[in-house]
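Please treat every number below as a calculation from the coordinates, not as lab data. Treat the numbers as computed from the prediction; the structure is a model and nothing was measured. Cβ sites come from the backbone with ideal geometry, for glycine too, and all protein chains shown count toward neighbours.
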Amino acid sequence: MVKTDECIYKSIRGKLPSPLIGLADLAYNYWWSWNRRATKLWEKIDPEHWAEYKNPVKLLLDTPTSRFKELLRDDDFMNLYELVMEQFEDYMNPESTWFSTNYPKWDRPIVYFCMEYGISKSLPIYSGGLGILAGDHVKTASDLGLPFIAVGLLYKHGYFKQEIDEKGNQIEIFPEYKPEEMPIRPVLNKDGKRLLVEVPIEDRTVYARAFEVQVGRVRIYLLDTDVPENGPEDRTICDYLYNAEMDKRIKQEILLGIGGMRLLKALGIEPGVVHLNEGHPAFANLQRIAWLMEEGLTFTEALSVVRGTTVFTTHTPVPAGHDRFPIEEVRKRLSLFLEGREELLELGREGDQFNMTLLAIRTSSYVNGVSKLHAQVSRRMWQHLWPGVPLDEIPIEAITNGVHTMTWVHNEMRKLFDRYIGKVWREHTNIEGIWYAIERIPDKELWEAHLEAKRQFIELLRRKVMEKNERLGIDDPIPAIDENALIIGFARRFATYKRAILLISDLERLKKILSDSTRPVYIVFGGKAHPNDWGGKEFLKRIYEVSKMPEFRGKIFILENYDMGSARLMVAGVDVWLNTPRRPLEASGTSGMKAGLNGVLNASIFDGWWVEGYNGKNGWVIGEESTEPESEEDDVKDAQSLYDLLEREIIPTYYGNREKWIYMMKESIKSIAPRFSTHRMVKEYMDRFYSKAMSNHIWLTRDNYKGAKEIAEWKERVMNSWQYVDFVNININENKSGLEVTVNLDGLRPDDVKVELYYGVRAEGYHIEKPHIIELRHPKFLGNGEWIYTYKGSALKHLGDPCWHYALRIYPHHEKLPYKFLLGLVKWIGLD
Ligand SMILES: *Cc1c(COP(=O)(O)O)cnc(C)c1O
C-alpha cells in the first residue's frame with residue numbers, strides 16, 4: 001500500500017529506536033538549518049545522502065533501521081545527539097524572549113504573506129533575494145520570539161534546477177518534489193482528515209490543501225491545489241513558482257491572498273497585523289474587507305480596520321516590476337468572490353489595469369521600501385497617489401533589509417566570533433558595540449579562517465565542474481585553484497539590470513588583468529536566469545563563451561545551479577563580492593551583506609544597501625559615489641571604473657598589502673554584521689510598524705468596532721466638506737511679525753484639520769529642501785452663520801526674500817491616523 005504523507009511522521013517515529021525518537025521532531029523543524037551541531041548530526045548519519053539532499057526527512061526515510069542500531073553504539077554520535085536535543089529543547093521553550101520582554105501584553109499574531117520562502121536548499125520554493133529575505137525574516141521572528149505566522153504556496157516543481165549545456169544555454173529542469181519526502185506536514189482538521197480550504201476562483205470553488213513547515217518557533221503554512229477534488233486544470237495552479245502565464249499567476253495570487261486568509265480562519269487564527277511582503281499577496285486584504293462587511297460594517301469602516309492593521313513592503317524600484325493585470329482578467333477570475341461587492345475591485349484600479357502594488361498601498365498604513373535609497377525612489381514613483389504632498393512627506397518609509405546572521409556566517413568565522421567576541425553576538429547581533437571586539441582577532445587567525453572558507457568553496461566549485469564535465473562528456477581537467485589567489489565572486493539571479501557581463505565587457509583589459517601569473521585572479525559567476533528572461537540567458541551564454549576562450553580558460557568559471565546551499569559557501573569563500581547593478585534598480589540587495597559579514601570585501605555600484613553600508617574602509621565603490629539614476633550609456637564608464645579599481649586598488653592591495661586587506665576585512669565584519677542583520681531589521685518592523693498596527697487593531701475593533709466607525713464617520717465628513725474647505729483671507733502685519741489666516745471649514749470642526757505654515761530656503765521652483773513646519777493654533781470661530789475660523793501665526797522674518805518660500809497648507813487630521821497625509825488630501829496657498 002502506498003503511504004499517504006499523513007502518516008510519514010508517524011512511520012518515521014515508528015522506525016527510530018526509542019533513544020533516538022527526538023530525531024523525528026528535529027527533522028521536521030528547520031531550526032537545524034542554522035545550528036551547526038544539528039547539521040553535523042544529520043551528516044553523521046549518512047554523509048553522502050546528506051551532501052546530496054540536505055533533507056533530514058528523506059534521510060530518515062532512506063536510512064535502514066540497522067544503521068540507527070549502529071548509531072546507538074556510537075558514543076560520539078549519541079553525545080552529539082544529546083547536546084543537540086538539549087539545545088533544541090531550550091530554544092523551543094525559552095523563559096523569555098526579546099519580544100516577551102518588550103511587548104508583554106500582545107495577544108494576536110502577526111501574519112506574514114509572501115510568494116516565496118528561502119529557508120534551506122531542501123525546500124525549493126524560492127527563486128532569489130525576495131524569498132531568502134522572507135526566510136531570514138521568519139527565522140529571526142523565531143529567534144526574537146515574535147508571535148509570527150507565515151503563509152505561502154507549495155510548488156510541485158519548485159523553482160527550476162539549472163544545467164548549462166556545452167553551448168552555454170541554460171537548461172531548466174523541473175524535478176517533481178514529493179511533499180511526503182519533505183520536512184513539511186499536512187494540515188489536518190479536527191477529525192484528523194486533511195483540511196481543505198475552499199477558494200473562489202472564476203465561478204467555482206477550487207480546493208486547496210495545506211502543509212505546515214516549522215521554522216524554530218514559527219510556522220509557515222503552504223497552500224497547494226493538487227488534490228483530486230479539483231479538475232485537472234485547477235490541480236496545476238501551483239506547479240511552478242513565477243509561472244509566466246497570466247492566468248496561472250492571477251490564480252496563484254488569489255490562492256495566496258484569499259486562500260491564505262481562509263486557511264487562517266479555518267485554523268481559528270485571527271491576525272492582529274498583516275504584513276504583505278511585495279504586492280503578490282494583496283488580495284488577502286480584499287478578503288478581510290469582505291468578511292468585515294459580512295459582519296455588518298460599511299465599506300469605509302471595513303477598509304479602516306484593514307488599512308490600520310496592514311504593513312506593506314515594496315521591493316521593486318521600476319514601474320514595470322509591479323504586478324499589473326488587465327482589470328477584466330482579474331474581474332473574471334474573482335467573479336464568484338466579487339458577487340455583490342464589485343466595488344472592491346476599485347481598490348486596485350489603475351485605468352483599465354489592476355495593480356497589485358496599488359491595492360497593497362491603498363489598503364495599508366505602513367508602507368516601506370527596503371533601503372533608504374529605494375524608499376526615496378518609491379516615494380517618487382508613487383507620489384502621484386498623494387497629490388500636493390511634498391516628496392519627503394509621502395508615507396513610504398525605509399526599513400533596510402538584512403540577513404539572518406546564523407544562517408549566513410561561515411563556520412570558521414562563527415568559531416572566531418565565539419572565541420573573540422563571546423557568544424553574545426548570537427543573541428544581540430544588531431548591537432554594534434559588540435562587534436568592535438573583532439579587533440581582537442589576530443590577523444593570522446582571521447586569514448586562516450578565511451583561507452579555510454576559500455578551500456571549502458574551491459572544493460565545491462571543483463566538484464560541480466567535474467559533475468558538469470561528466471554529464472556533458474567533456475574531457476577537461478578539473479581546475480586547480482590556489483586558495484592563496486585572489487578570487488572574485490558574482491552570484492545572484494541573472495536579471496539583466498544586474499549586469500553580470502560588465503566585468504567581461506572589455507576583454508582586452510580583462511585579459512591584461514588576468515594574465516599576470518605572479519598575481520593570479522579567478523572569477524566565479526553563478527546564478528539562474530528566469531525561464532522567460534532571454535536577455536539574462538544571453539548574458540549567461542556570453543560568460544560561458546568567454547570562460548571557454550583560451551586566454552580565460554581555467555580563470556573564469558560558472559557555478560551551475562546557484563542555490564542557498566552553494567551560496568552559503570560562496571559568500572564566504574571568495575575574496576571580493578562583486579555587484580554591478582544599473583542604478584537605482586537594486587532595491588536593496590542582500591548577498592553583499594552575507595559576504596561582508598564573512599569578511600569578504602564588497603566591490604559594488606553605489607546602489608541599494610551599499611549606499612548605507614559603504615564607509616570608505618570596508619570595501620569599494622565602482623563608479624561614482626552618486627545616487628543619480630544611470631542609463632545604458634553609463635555601462636562603459638562603470639566597466640572602465642571597475643577595471644581601474646581592480647588594477648589600482650584591489651589586486652595591488654591583495655598581493656602587496658595583506659595587512660591593509662585584513663584591516664578592511666575587519667572593518668567589513670564590524671560595520672556590516674550588526675547593521676545589516678535581520679535582527680536589526682525585524683526589530684525595526686516590530687518597533688516602527690507592527691506595534692503601531694497592533695495598537696490600531698485594538699483601538700479600531702474594541703466595543704464592536706467603535707474606533708473604525710469613528711474613523712469612517714470622520715472620513716465621510718471630511719470627504720463631504722473637503723471641496724469647500726479653503727483659505728478665505730490672509731493678513732500679514734506691516735512688519736512681518738504676525739499673520740492672521742481666515743479659513744472656511746465648511747462644517748468641519750477645527751480639530752478635524754490642521755493648518756500649517758510651511759517655509760524655508762528655496763531649492764528649485766517651489767521646492768524646499770529642509771522645510772520649517774509650524775502649526776497654527778487657537779482657531780477662533782468668527783460666526784456669521786458660516787464655519788469661518790481665524791488662525792494666528794508669526795515667524796515670517798524672511799517673507800519677501802526671493803531665496804525663501806512661504807506657504808500655508810490645510811489638511812484633514814485625525815489623531816489615530818498614522819500619517820498626516822494618509823488620505824492624500826491637502827490644500828496650499830503661497831504667501832510670496
Ligand atoms: C542572497 C541570495 C540571493 C540574493 O542576492 P542579491 O545579490 O541580493 O540579488 C540570491 N540567490 C541566493 C541563492 C542567495 O543566497
Förster radius 25 Å - calculated FRET efficiency between Thr101 and Lys816, Cβ distance, rounded to 0.05: 0.35
Between Asn93 and Asp482, what is the label-point separation in nm under the 7 Å Cα-to-beta-carbon projection? 5.6
Normalised per residue, the volume of the convex hull around the Cα set of segment 428-676 (Å³): 125
Of all beta bridges DSSP finds with both residues in the chain, what is the antiparallel percent, to the nearest 5? 60
What are the ³J(HN,Hα) couplings of segment 663-677, residue after residue, when phi is run through the Karplus curve with 6.51, -1.76, 1.60 and θ = phi - 60°? Round to Hz, x for glycine and proline. 4, 5, 4, 5, 4, 4, 4, 4, 7, 9, 3, x, 6, 10, 9
Relative contact order for the chain: what is it in percent, counting Cα pairs under 8 Å that are at least 6 residues apart? 11
Here the FRET efficiency for Lys193 versus Asn720, based on Cβ atoms and R0 = 56 Å and rounded to 0.05, is 0.60
Please compute the length gained on full extension between Leu385 and Arg471, using 0.36 nm multiplied by the number of residues separating them and subtracting their Cα-Cα distance. 25.6 nm
Which distance in Å, rounded to a whole number, links the C-alpha centroids of segment 85-118 and segment 137-211? 22
Label-point gap, in nm, between Ile829 and Arg762 - each point 7 angstrom along Cα→Cβ: 2.1
Among all the aspartates and glutamates, which ones have a C-alpha under 13 Å from Lys372's C-alpha, if same-chain residues fewer than 8 places away are not counted? Asp392, Glu397, Glu586, Asp607, Glu612
What's the angle, to the nearest 10 degrees (0 to 90), between helix 443-472's Cα axis and the longest principal axis of the chain? 70
Cα centroid distance between segment 696-718 and segment 492-535, in Å? 56
Hey, what do the phi angles of segment 598-611 turn into as Karplus ³J(HN,Hα) couplings, whole Hz, using 6.51/-1.76/1.60 and θ = phi - 60°, x for Gly and Pro? 9, x, 8, 7, 7, 10, 9, 4, 6, 8, x, 5, 5, 4
Angle between the chain longest axis and helix 129-144 axis [Cα atoms, degrees, rounded to 10]: 90
Amide H contacts under 5 Å for Gly619, placed H, 5+ residues apart: none
Dimensionless Rg ratio for segment 725-830, taking C-alpha atoms and the 2.2 N^0.38 Å reference: 1.09
Put +1 on the Cβ of every Lys and Arg and -1 on every Asp and Glu Cβ in the chain; which of Asn368, Trp106, Leu222 then has its Cα farthest towards the positive end of the dipole? Trp106
Between the alpha-carbon centers of segment 363-400 and segment 781-832, tell me the distance in whole angstrom. 23
Taking segment 60-150, which GluC sites (Glu not before Pro) meet the DSSP loop condition and have no more than 11 other C-beta atoms within 10 Å? Glu95
Scan around Leu153 for amide H atoms under 5 Å from its own, H built in the peptide plane at 1.01 Å from N, and keep only partners 5 or more places away or cross-chain. Leu223
Extend 7 Å from the Cα of Trp447 along its Cα-to-C-beta direction; within segment 638-656, residues with backbone N under 14 Å of that point are 653-656
Calculate for the chain the 222 nm mean residue ellipticity that helices alone would give, adding -39,500 (n - 2.57) per DSSP H run of length 4 or more and normalising by residue count, nearest 500 deg cm²/dmol. -11000 deg cm²/dmol
Can you tell me the length gained on complete extension of the stretch Ile171 to Arg13, counting 0.36 nm per residue apart and subtracting the Cα distance? 53.0 nm
Please report the projected area of segment 3-92's Cα convex hull averaged over all directions, in nm². 5.7
Enumerate the calculated ³J(HN,Hα) couplings along segment 734-743 in order (Karplus 6.51 cos²θ - 1.76 cosθ + 1.60, θ = phi - 60°), each rounded to whole Hz, writing x wherever the residue is Gly or Pro. 3, 8, 6, 8, x, 9, 10, 10, 10, 10
Can you list the residues, at least 5 places off or on another chain, whose amide H is less than 5 Å from the amide H of Lys754, using H built in the peptide plane? Tyr811, His813
Stokes-Einstein D for the chain (4 °C, 1.567 mPa s, Kirkwood Rh from Cα pairs), in µm²/s, comes to 45
Enumerate by residue number the trypsin sites (Lys or Arg not before Pro) in segment 617-648 meeting two conditions: DSSP loop (anything except H, G, I, E, B), and at most 14 other Cβ atoms within 10 Å of the site's Cβ. Lys617
Under the 0.36 nm per residue contour assumption, what length would be gained going from the current alpha-carbon distance of His778 and Asp203 to full extension? 201.3 nm
